[in-house]
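Data block below; observations after.
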Amino acid sequence: MSSEIIQDGLKKKATEALTTTTNSFAMNRLREELPEYFDSDKIDEDGVVLKYGQFNLARFAENIGEDSTGLGFGLNFVGKNLARLQAGTPTLTVIAPDKNRNSKLENEDSDNVYITADNLEALKHLRNAYAGKIKLIYLDPPYNTGGDGFEYPDDFKFSDDELMDLLGIDVTELERQKSLIGKSNHAAWMTFMYPRLAIARTLLRDDGSIFISIDNNEVYHLKILMDELFGENNFKGNIIPIANPGGRDYSQVAVTNEYLLVYSKSSETLFNELEKDAKFKYFDSEGGFTPRELRNRNPRFNSSNRPNLFYPFFADPNNLDENGYAVVSLEKNEKFSVEIRPYNSKGSESVWRWGKKKSAENITEEFDTTHVIAHQKKDGDWNIYEKNRKATSKMKSVWAETDMRTEQGTRELNGLFGFNPFPHPKPLALIQRVIQVATEEDDIILDIFSGSGTTGHAVMKENVESGITRKWILLQLDEKLKKDSTGYKNGYHSIPEVAMDRLTLAAEELKKESDDFDFGFKHYSVVDISREQLDAADDFDSVSMLFNNVIDGYSMLGVQGRDVLLTTWTLDDGMPFDQDIENVNLNGFDGFYAKQLGILYLIDDGWTSNNTEALLNFINKHEGDIRSLVVLAYSFGTTELNEIKDNLKAQFGNAIQVVERY
């Protein structure tokens with residue numbers, strides 16, 4: 001470890017020691033687990049924390065339903081309690097697999113997933129199986145411009161009495177909350193976004209990040225909302241893509257840009273640098289390089305506060321290459337006779353960027369192999385340089401390239417369809433850049449408002465161009481196209497129809513470049529369970545109600561009820577879409593084994609003692625692997641269930657749990 005790193009570490013520890021209090025341990029744990037309740041830290045230029053952000057007790061108290069005393073800064077809007085309620089309530093929907101599409105050769109082994117759904121309900125299904133697994137989330141939500149069709153939907157799913165009881169409100173406040181229905185004001189938009197973002201955060205890995213496209217109608221409200229949900233310290237930047245350099249001139253200021261808010265899940269998030277078109281003037285046996293001054297230009301640093309970075313180099317003035325550069329040493333002798341210390345142009349002390357140990361590791365006496373060189377200036381003084389070979393740079397806060405413009409996205413769709421079936425699609429280059437800085441091999445990318453499917457297309461394209469594989473999950477509401485739209489006139493009736501065709505067409509084009517990647521996808525639809533079905537389940541009478549009446553009630557979109565239940569249960573139990581379920585023959589009865597979960601599912605009716613014997617044999621063959629048996633209770637009588645439970649307890653004690661689902 002270099003000396004400057006040790007010094008930096010000691011400084012940080014000293015600063016932390018000076019700021020430690022009797023509650024520091026507890027506060028550090030809170031800061032790790034609940035960063036969204038802390039104000040921003042104050043950090044110096046070296047990244048050293050000068051003062052930690054304070055715990056926002058008012059915000060915390062509000063979110064656990066307690067009143068706080070005193071004044072404070074926080075986010076409040078009509079509908080916030082309703083939004084928090086929606087984030088926490090379970091979904092009353094099921095997931096139906098598209099058996100025809102998913103069984104096609106190009107899709108059956110695919111890890112990519114397209115879900116037609118209200119994204120709030122889809123997120124609730126994903127949160128068990130994908131909690132802490134998503135590396136990147138991208139959102140292009142409704143901008144709430146007043147003309148984009150956004151209205152807060154009536155998806156409360158509660159009666160008036162239930163809402164008043166759950167929110168602890170009276171009739172007057174209930175009417176205030178319900179006033180959001182069909183509205184497009186700021187409160188309605190934030191009530192819509194809050195639960196989706198809250199659940200999305202739980203899906204991110206600790207080193208994950210979220211990028212949100214937005215315009216000036218809601219960018220400031222979104223920033224405050226994200227600060228509350230993700231924590232101010234996790235705000236990484238507000239990128240400005242130039243979407244229309246000519247400007248949208250419908251107001252007195254012609255708007256040329258949109259915004260891309262960037263947040264991390266935690267301090268573990270590190271973004272990749274972007275490759276740049278580096279043109280080198282100088283070369284050695286290792287390749288091209290640019291001389292970069294080794295002197296640290298920060299005027300605050302000198303020998304008194306960075307003594308380990310203030311030391312001399314010695315140059316050989318009689319051995320220069322064709323460009324006038326000299327090799328150097330850390331030891332003075334007859335050959336290396338010119339002493340060089342880090343002084344600025346005014347003669348004031350500076351320091352080097354490297355400690356002495358690192359410099360020594362990078363110096364040789366041969367110009368072709370050394371990484372540190374010297375050059376004499378016109379005034380006679382000398383400078384020290386490193387051979388900088390870096391061909392990457394950090395992402396910038398302004399993305400002004402022509403391929404980032406909205407018109408480019410339109411051209412790309414036209415190139416696939418021969419017409420433009422979707423208004424204002426995001427350009428591939430914008431999403432690809434997000435993918436480049438935020439993901440690596442085998443990462444999962446989630447798009448919550450996926451529109452025309454640009455993100456899925458961009459992931460597949462970036463996979464081909466970078467040579468590494470990433471997976472995608474796209475969510476999109478089954479939104480119908482207007483009858484006067486170009487897409488409708490060309491045979492499309494909904495946004496998912498457009499998007500899925502776009503993904504298929506894009507895959508065909510990309511296969512021409514390389515057939516080594518996953519170009520397929522599986523399709524699922526989230527479907528509501530009717531109030532009548534829920535009431536019927538509550539009133540279930542095992543003597544009078546036939547099994548088929550129940551299981552058939554889950555048959556949706558041409559998919560058998562058994563497949564709908566199995567897809568829904570395995571996902572909610574924590575098994576991702578890319579894991580296989582083993583079909584188990586229990587002496588003529590179909591069981592379904594999710595090995596990753598250690599769960600065996602029994603859904604059909606017709607169970608007999610012969611099936612119980614086969615069940616016990618199967619469990620014995622997988623000793624220790626099966627932890628739970630999940631059964632659809634409607635399919636089993638009391639006698640059959642008791643037989644299963646008694647035999648399991650006799651052979652395996654309490655090692656296997658029987659879960660009855662209705």
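The values are calculated or read from the model by the stated rules, or taken from the named source; none is laboratory data. Since the model is a prediction, treat every value here as computed from it, not as a measurement. Positions of Cβ are generated from backbone atoms using ideal geometry, with glycine treated the same way; all protein chains shown enter the neighbour counts. Surface accessibility is based on the protein's heavy atoms, side chains included, excluding ligands, DNA and RNA. Shrake-Rupley method; radii C 1.70, N 1.55, O 1.52, S 1.80 Å.
S337 satisfies every condition listed in (1) within 27 Å of F280 (Cβ to Cβ); (2) more than 47 Å from the chain's Cα centre (by Cα) except (1).
Given the structure, is T202 surrounded by fewer than 21 Cβ atoms within 10 Å (Cβ to Cβ), among the β-branched types (V, I, T) and either under 25 Å from N119 (Cα atoms) or at pLDDT 95 or above (or both)? Steps first, please.
Values: surrounded by fewer than 21 Cβ atoms within 10 Å (Cβ to Cβ): yes; among the β-branched types (V, I, T): yes; either under 25 Å from N119 (Cα atoms) or at pLDDT 95 or above (or both): yes.
Taking the combined requirement at face value, the residue satisfies it.
Taken together, Y282, Y263, Y259 contain a single residue that is within 35 Å of the chain's Cα centre (by Cα), open to solvent by 10 Å² or more (accessible area, probe 1.4 Å) and either within 22 Å of K426 (Cα to Cα) or not β-branched (V, I, T) (or both), which is Y259. Here is a check on your reading of the model: is S525 under 25 Å from Q432 (Cβ atoms), of a type in the set (G, A, S) and not in a helix (DSSP H, G or I)? Judged against the criteria, S525 is not a match.
Could you look through region 633-662, keep only residues that are small (G, A, S) and out of contact with any strand residue (DSSP E or B) (no Cβ under 7 Å at 6 or more places or on another chain), and pick out the one that is surrounded by the most Cβ atoms within 10 Å (Cβ to Cβ)?
The qualifying residue surrounded by the most Cβ atoms within 10 Å (Cβ to Cβ) is S635.
Count of region 297-353 residues, restricted to those that are closer than 18 Å to H375 by Cβ and either open to solvent by less than 60 Å² (accessible area, probe 1.4 Å) or not hydroxyl-bearing (S, T, Y) (or both), is 32. The criterion of being surrounded by fewer than 18 Cβ atoms within 10 Å (Cβ to Cβ) and among the hydrophobic types (A, V, I, L, M, F, W, C) does not hold for V630.
Taking N63, is it at pLDDT 90 or above and more than 30 Å from D515 (Cβ to Cβ)? Criteria not met by N63.
The single residue among I435, I448 that is within 21 Å of A129 (Cβ to Cβ), open to solvent by less than 10 Å² (accessible area, probe 1.4 Å) and of a type in the set (A, V, I, L, M) turns out to be I448. Would it be correct to say that K426 is part of a helix (DSSP H, G or I), among the charged types (D, E, K, R) and under 30 Å from L270 (Cβ atoms)? No. Taking region 289-341 as the range and being among the basic types (K, R), in contact with a strand residue (DSSP E or B) (Cβ under 8 Å, 6 or more places away or on another chain) and farther than 15 Å from G355 by Cα as the test, the residues that pass are R292, K332, K335. Of everything in region 536-560, what is under 14 Å from R661 (Cα atoms) and modelled with pLDDT of 60 or more? Give them in sequence order. Of everything in region 536-560, those that are under 14 Å from R661 (Cα atoms) and modelled with pLDDT of 60 or more turn out to be V550, I551, Y554. The set of residues from region 546-603 being part of a helix (DSSP H, G or I), over 22 Å from N107 (Cα atoms) and hydroxyl-bearing (S, T, Y) comprises just one member, Y554. Within region 231-254, identify whether any single residue is polar (S, T, N, Q) and touching a Leu at 6+ places or on another chain (Cβ under 8 Å), and answer yes or no. Checked region 231-254: at least one residue is polar (S, T, N, Q) and touching a Leu at 6+ places or on another chain (Cβ under 8 Å).
At pLDDT below 95 and open to solvent by less than 60 Å² (accessible area, probe 1.4 Å), is that true of A391? Let's see the steps before the verdict.
Values: at pLDDT below 95: yes; open to solvent by less than 60 Å² (accessible area, probe 1.4 Å): yes.
It is true that A391 is at pLDDT below 95 and open to solvent by less than 60 Å² (accessible area, probe 1.4 Å).
Among residues of region 100-114 that are under 17 Å from T469 (Cα atoms), those with a Cβ under 8 angstrom from a residue that is among the hydroxyl-bearing types (S, T, Y), sequence gap 6+ or separate chain, pair up as V113/Y524. Figure legend. Inter-residue proximity from region 47-64: first residues over 14 Å from N76 (Cβ atoms), second residues at pLDDT 65 or above and open to solvent by 60 Å² or more (accessible area, probe 1.4 Å), beta-carbon distance below 7 Å, spacing 6+ or different chains. Indicated pairs: V49/I43; L50/K42; L50/I43; K51/K42. The lone criterion from (1) under 30 Å from N308 (Cα atoms); (2) touching a residue at least 24 places away in the same chain (Cβ under 8 Å); (3) not hydrophobic (A, V, I, L, M, F, W, C) left unmet by E440 is number (1). Could you grab me the full set of residues in region 604-621 that are small (G, A, S) and assigned to a helix (DSSP H, G or I)? Listed by number, the residues that qualify are S609, A614.
I'd like the residue in region 205-256 that is of a type in the set (V, I, T) and closer than 16 Å to P35 by Cβ and, out of all such residues, is surrounded by the fewest Cβ atoms within 10 Å (Cβ to Cβ). Within region 205-256, the match that is surrounded by the fewest Cβ atoms within 10 Å (Cβ to Cβ) is I224.
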